[in-house]
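Report on the following structure.
The values are calculated or read from the model by the stated rules, or taken from the named source; none is laboratory data. In this text, all values refer to a predicted model and were calculated from it rather than measured experimentally. Cβ sites come from the backbone with ideal geometry, for glycine too, and all protein chains shown count toward neighbours. The area values use the complete protein model at the heavy-atom level, side chains included, leaving out ligands, DNA and RNA. Shrake-Rupley method; radii C 1.70, N 1.55, O 1.52, S 1.80 Å.
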Amino acid sequence: DDRAARRTRRREAGFDLVAVAGYTNAGKSRLCRRLADDVDGEIGSRATGPEVSSGRDAPSEATHDDLDSTLATGDRLFETLSATTHEATMDGRRTLVTDTVGFVDDLPHDAIRSFRATIDAVREADCVLLVVDASDEPSAIRRALHTSLSAIEGTNGPVVPVLNKVDRVGVAALETVVETFETVVDELRSDDLPVADSLRPPIPTSARDGTGVGDLTAAVADALPTATATVEAPNSGETESTLSWAYDRGVIADVTYAVDGDGVTVELAGRPSVVEEATRRFGSS
């Protein structure tokens, strides 16, 4: 219940929720570090897009114990032992990216129950990044995909597969990985596993050197739920207050003031529920 309430508050604050899932040791934590706006005081090595918040009375996330400014990475099983969340900007969209516990083969049922937080974060996310170690042997990739997707079963949002560690893989080997992925997806569809219908085309990346990260952030932004609206409002103190509220939630695309100064045209884009609420507020200004 606490986790569900937290997700609701974050969405109301204008954040999209992205979960990073996959087989253990696939490079999830390193990818999260690459995507995060600020981890350990270092800006992520990618273009973060335009500012989307005015910083005025922005809803604070500091009290949530799963938000973290550090992120451990390591080449060992279960380097990530609990789900942690980091802010990231995806082509201008304000997101909270959750690094989840990695899946493994043949988990006992008692252990599967202990992964409930990870499963919930994945199933309830607006978008899921399913990370696969592209440098593994095809048989290991097949096993990892089956294990991860079977554990997830179904998601509310799209799933963007991430073929990570391509810096270790040649062109021919990468083609084999893509073919393996497509074969597994066909098998899962034959088994009527719901998550198979949520899968988007895979994105080759390297969390180590940044290859493909720009393509990945664009794919995530495209997969996120989006609504747009244009509203006309009077140039008043109430409108300025609503503008501040909407800026803080990252849904302002453009603002144009009338030449005579009597009105304001506001272009909105972002989370559907937040755009709807912003439209209502501007209408009552």
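The single condition among (1) open to solvent by 20 Å² or more (accessible area, probe 1.4 Å); (2) under 19 Å from residue 13 (Cβ atoms); (3) of a type in the set (Asp, Glu) that residue 248 does not meet is (1).
Kindly establish whether residue 12 is over 24 Å from residue 195 (Cα atoms), at pLDDT 50 or above and surrounded by 13 or more Cβ atoms within 10 Å (Cβ to Cβ). Judged against the criteria, residue 12 is a match. Here the condition is being of a type in the set (Ser, Thr, Tyr), at pLDDT 95 or above and open to solvent by 50 Å² or more (accessible area, probe 1.4 Å); of 230, 176, it holds for 230 alone. Does at least one position in segment 151-171 carry a residue that is touching a residue at least 12 places away in the same chain (Cβ under 8 Å), farther than 14 Å from residue 196 by Cβ, among the hydrophobic types (A, V, I, L, M, F, W, C) and assigned to a loop (DSSP other than H, G, I, E, B)? Checked segment 151-171: at least one residue is touching a residue at least 12 places away in the same chain (Cβ under 8 Å), farther than 14 Å from residue 196 by Cβ, among the hydrophobic types (A, V, I, L, M, F, W, C) and assigned to a loop (DSSP other than H, G, I, E, B).
Of all the numbered requirements in (1) open to solvent by less than 70 Å² (accessible area, probe 1.4 Å); (2) free of Cβ contacts under 8 Å to residues at least 40 places away in the same chain, residue 262 misses one, and that requirement is (1).
Scanning segment 202-219 turns up at least one residue that is under 28 Å from residue 7 (Cα atoms), of a type outside the set (Val, Ile, Thr) and in contact with a Phe, Trp or Tyr (Cβ under 8 Å, 6 or more places away or on another chain).
The conditions of being buried (at least 20 other Cβ atoms within 10 Å of the Cβ), farther than 23 Å from residue 33 by Cα and at pLDDT 95 or above are met by residue 243. In this structure, is residue 188 open to solvent by less than 40 Å² (accessible area, probe 1.4 Å) and touching a helix residue (DSSP H, G or I) at 6+ places or on another chain (Cβ under 6 Å)? Against the criterion (open to solvent by less than 40 Å² (accessible area, probe 1.4 Å) and touching a helix residue (DSSP H, G or I) at 6+ places or on another chain (Cβ under 6 Å)), residue 188 qualifies. Could you list, in sequence order, the residues of segment 203-225 that are open to solvent by less than 40 Å² (accessible area, probe 1.4 Å) and under 16 Å from residue 167 (Cα atoms)? Those that are open to solvent by less than 40 Å² (accessible area, probe 1.4 Å) and under 16 Å from residue 167 (Cα atoms): 203, 205, 206, 207, 210, 212, 213, 216.
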